[in-house]
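Okay, so here's the structure we're looking at.
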């Protein structure tokens, strides 16, 4: 198949040259909607160079690689705890990985209500980024070259040899609208769901969401530079559960959960404002992550994609009471993000209040921050070595 011909043809280099010279035109994804409506995609593509996106929401598949430094005698840790939250130590020597959803072993809440947790891996990551002391304990079985069997010490982010946020599945491209059709309240990663569909919870930044503004990942892949946790990060792979082969609208927007991204960045650059440990009642611990991707407007097609609005973005209503745990997530209906953001939807003949788990205020703040960084020449667009599977 012959490559598609465009009337507008920009390159990553030409856009980065404009950033360097201070002549770049950057708008947020929300601002792009009216620009394309007014000018059309071709004129919009000639005018705008970069569209910024953002999302801030719980992203359970997150964590950090922590190198806590050698001790005397040296140790090859086999078990590691940070503030009594277990970290995975099967990496060798003094490397470990702490996952956002791992709970504290002596969480006082769990002693009162088994299965409930106030503190976990996401909170450890937030504490480190906030500059707080974290108690580290590491045990080992001892070898000739690593004879140490126990290390206990206080660590701070600034004194760690290396700390890397490494999130295997972030930035979900669309997600379900959750309801509960059973007769009792259930507690899920989508929040508390009242019986008989008394509320409907959703989790997406809609028209600001990064992957919804590049539905076929034409500019996103290995090496894409992003806003991550308040610092600069990178897309390093497709995320786990990346599933682009789903039903879509005529303009490419997925109607169900689709693509995901694997992201990494230097934890020492990040902020506790953008990495927040969370505890979801009845589910466990998590981490709210601030993430934003600048979309280069290489041609009129990308201008069209980045003009998507909430009224044209849809998701499926899923019963988390019975259908979700069974794995048979049959749709109970389709709903737009404009409807969800209005505060209520019509479902089974009644008005149901909607509850967002994703912060639109923070998402817009990320898009505005990225815009400012690019306009100041502090952030350049990363050209991917290859784009995500589409």
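No lab work stands behind these numbers, since they all come straight from the coordinates. Quantities reported herein were computed from a predicted structural model and do not represent experimental measurements. Cβ placement follows ideal geometry from the backbone for every residue including glycine, while neighbour counts extend to all protein chains displayed.
Numbers for the structure displayed
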{"quantity": "Per residue convex hull volume, Cα atoms of the range 69-160, in Å³", "calculated": "91 Å³"}
{"quantity": "Residue exposure sequence - 105, 126 - by fewest surrounding Cβ within 10 Å", "calculated": "105, 126"}
{"quantity": "Fraction of the pair-distance distribution of the range 271-347 above 19 Å, Cα-Cα pairs, percent", "calculated": "66 percent"}
{"quantity": "Crossing angle, helix 360-375 versus the chain [Cα axis fit, 0-90 degrees, rounded to tens]", "calculated": "80 degrees"}
{"quantity": "Nearest-ten-degree value, helix 29-47 long axis tilted from longest Cα axis of the chain", "calculated": "50 degrees"}
{"quantity": "Within a Gaussian network of the chain (alpha carbon springs, distance under 10 Å), most fluctuating of 329, 236, 101", "calculated": "329"}
{"quantity": "Quarter of Cα convex hull surface for the chain, i.e. mean projection, nm²", "calculated": "21.8 nm²"}
{"quantity": "Neighbour-count order for 127, 266, fewest beta carbons within 10 angstrom listed first", "calculated": "266, 127"}
{"quantity": "Evaluated at q = 0.10, 0.20 Å⁻¹: base-10 log I(q)/I(0), Debye formula over Cα of the range 240-390", "calculated": "-0.49, -1.76"}
{"quantity": "Helix-only mean residue ellipticity at 222 nm for the chain, each DSSP H run of n ≥ 4 adding -39500 (n - 2.57), per residue, nearest 500", "calculated": "-5500 deg cm²/dmol"}
{"quantity": "GNM top mover of 215, 325, 103 - the chain, alpha-carbon springs below 10 Å", "calculated": "325"}
{"quantity": "0 to 90° range, to nearest 10: angle between helix 12-21 axis and the chain longest Cα axis", "calculated": "80 degrees"}
{"quantity": "Gaussian network model of the chain, springs between alpha carbon atoms under 10 Å - residue of 21, 359, 96 with greatest fluctuation", "calculated": "21"}
{"quantity": "Sequence of 48, 263 once ranked by neighbouring C-beta atoms within 10 Å, starting from the fewest", "calculated": "48, 263"}
{"quantity": "Three-way shape call for the range 343-390 based on the alpha-carbon gyration tensor, with the a/c threshold at 1.5", "calculated": "oblate"}
{"quantity": "Spin-label model distance (nm) - residue 46 vs residue 330, 7 Å beyond Cα toward Cβ", "calculated": "5.3 nm"}
{"quantity": "Relative contact order (%) - the chain, alpha-carbon pairs under 8 angstrom, separation at least six", "calculated": "25 percent"}
